[in-house]
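Structure below; questions to follow.
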Amino acid sequence: MEETNELIGMNMDEGAEIVSADTTNETPNETKNEKFIRLAVYRVNKIMTAVSSLDKLHNGNTYEYTDEQVNAMFESLENQLAEVKGHFGNTKVQEVKFSFGAKAE
């Protein structure tokens, strides 16, 4: 998957710029908003790549899973996203760690 330098869903007409995803190239005059955009683009793209890798697990010829396991996996991801999103709106959501409850055989 090719890495892009724009945040999906961001309206470019509202003054946002497409910036480099390189997290090590902070400029001396970088504003807090520019730093946020640079790091958000990098981190969101990294997360999207990781989430996309879950698609490979649906191959029934290689893996076996139950609906309950799939639901638990996606519920955990949704809960984590809700927790992080809540931090931006000052809403508290309890932290939850993912586990199927039993170790894989």
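The values are calculated or read from the model by the stated rules, or taken from the named source; none is laboratory data. Note that the structure is a prediction, hence the values are computed from the model and not measured. Don't worry about glycine lacking a Cβ; one is built from the backbone with ideal geometry, like all the others, and counts go over all protein chains shown. Accessible surface areas use protein heavy atoms only, side chains included; no ligands, DNA or RNA. Shrake-Rupley method; radii C 1.70, N 1.55, O 1.52, S 1.80 Å.
Just grab the label-to-label distance for Arg43 and Glu68, each label 7 Å out from Cα along the Cβ direction, in nm (one decimal).
About 3.5 nm, to one decimal.
Given a 1.4 Å probe and the protein chains all in place, what does the accessible area of Met48 round to, in Å² to the nearest 10?
Rounded to the nearest 10, the figure is 60 Å².
For the peptides 55-68, 75-88, what is the packing order when you average, over each peptide's residues, the other Cβ atoms within 10 Å and list the highest mean first?
Ranked from most to least packed, the peptides come out as 75-88, 55-68.
Continuing with this model, one more query. log10 I(q)/I(0), Debye, Cα-only segment 31-95, no solvent, q = 0.18 Å⁻¹?
Each listed q maps to, in turn, -0.85.
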